[in-house]
Amino acid sequence: MPAFSRRTFMLAATALGAMTFAGAALAEVPALAKKDTYKVGFAQTESNNPWRIAQTNSMKAEAEKRGYQLVYTDAAGSAAKQVADVNSMIAQGVDVIFLAPREEKPLIPAVMAAKKAGIPVILLDRSVDPSLAKAGEDYLTFIGSDFIQEGQRVAEWLAKNANGKSKIIELEGTTGSSPANDRKKGFDEAITAAGGFEIVASQTGDFARDKGRQVAESLLQAHPDADIIYAHNDEMAIGAISAIEAAGKVPGKDILVLSIDGGKEAVQAVVDGKIAAVVECNPRFGPKAFDTMAAYANGDKIEGKLVNDDKFYDSTNAAAELANAY
Ligand code: GZL
């Protein structure tokens with residue numbers, strides 16, 4: 001081989017090797033050593049509704065059952081505080097961080113800081129912007145529901161059971177959160193494809209009961225012909241029921257209410273005929289979260305997305321299923 005091309009070859013090989021090494025370093029999720037016990041971080045978004053409280057209780061119960069030390073934080077609805085909470089966990093030297101990112105973009109720095117500190121992150125329930133952080137590279141995996149499918153299931157039920165009702169008010173979840181983004185995407189695309197429906201208004205109620213009630217009240221006044229309310233979660237659906245009744249209308253008769261989460265209060269409302277259908281979004285993450293962490297420590301391959309199976313409640317099964325609802 002002529003000297004010039006050999007030198008060029010060596011330079012190219014060195015450059016390629018450096019890039020590959022850097023690439024490998026950037027692409028690796030930090031390892032988790034196999035130990036008898038762990039110090040585990042769980043950064044919760046807030047505790048403003050039964051769903052979040054059920055998720056937290058499930059995580060705390062599983063940590064206690066396994067004898068792990070749990071460093072728990074509650075961001076009280078602030079993405080900025082949730083970033084600070086994760087940074088605090090990093091400083092405390094936790095072995096792994098479970099994170100339910102309140103919104104898709106603001107939590108990216110927290111995910112990257114944990115990776116840089118050599119701490120694997122498992123996303124629970126909510127995800128981050130996939131164009132900014134990737135499973136299997138920046139964090140280990142996402143465990144949660146398929147929010148697009150949840151929205152689609154509501155649309156599919158409506159397409160079969162609306163019985164002529166067609167004007168929809170949509171109550172969106174927390175702006176910028178993956179459940180709000182994807183429950184809207186899944187529902188809006190499917191209900192448009194079904195034909196014969198119109199979303200007359202769509203506004204955030206921030207997954208909160210009273211905000212949901214206030215927004216539903218104002219939208220019902222602005223759209224008196226609305227005869228369907230699709231709420232991204234039970235809290236806002238229950239708030240909307242109060243708004244419907246305050247407007248002198250009958251939920252389930254004048255206006256169909258549809259929801260996602262499947263908490264006991266909402267499933268009871270299905271039994272009572274006030275909510276037409278609810279897609280479950282099970283908050284009991286503890287066992288699956290800690291089993292996934294143990295499998296990773298054991299060296300098992302972990303898929304980038306671990307989707308929960310969600311039930312569906314309507315008048316055909318709500319009474320029988322009520323006892324199992326969270
Ligand atoms: C969905 C979860 C949502 C619930 C709301 O996985 O993030 O947050 O649907 C909760 O009730 O506030």
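The values are calculated or read from the model by the stated rules, or taken from the named source; none is laboratory data. Please read all numbers here as calculations on a predicted model, not as lab measurements. Note: ideal-geometry Cβ built from the backbone for every residue, glycine included; neighbour counts use all protein chains shown. Quick note on the areas: whole protein, heavy atoms, side chains included, nothing else; ligands and nucleic acids left out. Shrake-Rupley method; radii C 1.70, N 1.55, O 1.52, S 1.80 Å.
Of ASP261, ASP182, ASP125, which is the most mobile in a GNM of the chain whose springs link Cα atoms less than 10 angstrom apart? Top of the fluctuation ranking is ASP182. Residues whose amide H lies under 5 Å from that of PHE98, counting only those 5 or more places away or on a different chain, are GLY41, PHE42, ALA43, ILE122; hydrogens are built 1.01 Å from N in the peptide plane.
Heavy-atom surface analysis with a 1.4 Å probe gives the chain a carbon and sulfur content of 56 percent of its accessible area. Taking all protein chains into account, the per residue accessible area for the chain stands at 43 Å² (1.4 Å probe). Give the residue from GLY186, ILE119, ILE143 lying farthest towards the positive end of the charge dipole for the chain; charges sit on Cβ (+1 for Lys and Arg, -1 for Asp and Glu) and the dipole is referred to the Cα centre. Highest projection toward the positive end goes to ILE119.
Charges were assigned to the Cβ only: +1 to each Lys and Arg, -1 to each Asp and Glu. The resulting dipole of region 147-281 about its Cα centre is roughly 200 debye.
To the nearest Å, what is the center-to-center distance of region 164-197 and region 132-147, using C-alpha atoms only? That distance is 23 Å. With only Cα atoms counted, region 147-281 has Rg and Dmax values of 12.7, 34 Å. In the neighborhood of GLY41, defined by Cβ-to-Cβ distances under 10 Å, what is the net charge if each Lys or Arg adds +1 and each Asp or Glu adds -1? Neighbour charge sum, excluding GLY41 itself: -1. Using the membrane-span-like helix rule (whole DSSP H runs, Cα extent along the own axis of at least 27 Å, mean Kyte-Doolittle hydropathy at least 1.0), which helices of the chain qualify? Qualifying helices: 3-27. Pairs over the 19 Å Cα-Cα cut-off, from the set LYS134/LYS184; LYS39/LYS65; LYS185/LYS249; LYS165/LYS253; LYS165/LYS274: LYS134/LYS184; LYS185/LYS249. The GluC sites (Glu not before Pro) of region 199-266 include none that meets both criteria, a DSSP state outside H, G, I, E and B (loop) and at most 12 other C-beta atoms within 10 angstrom of the site's C-beta. According to the calculation over all Cα-Cα pairs in the chain, the P(r) per 10 Å bin from zero is 6, 25, 28, 19, 12, 5, 2, 1, 0, 0 %. A simple count of charges around SER166, restricted to other residues whose Cβ falls under 9 Å of its Cβ and scoring Lys, Arg +1 and Asp, Glu -1, yields 0.
The loop-placed trypsin sites (Lys or Arg not before Pro) in region 227-326, going by DSSP, that have at most 12 neighbouring Cβ atoms within 10 Å of their Cβ come out as LYS253, LYS301. Mean residue ellipticity at 222 nm, helices only, the chain: -14500 deg cm²/dmol; runs of at least 4 DSSP H residues each add -39,500 (n - 2.57), and the sum is divided by the number of residues.
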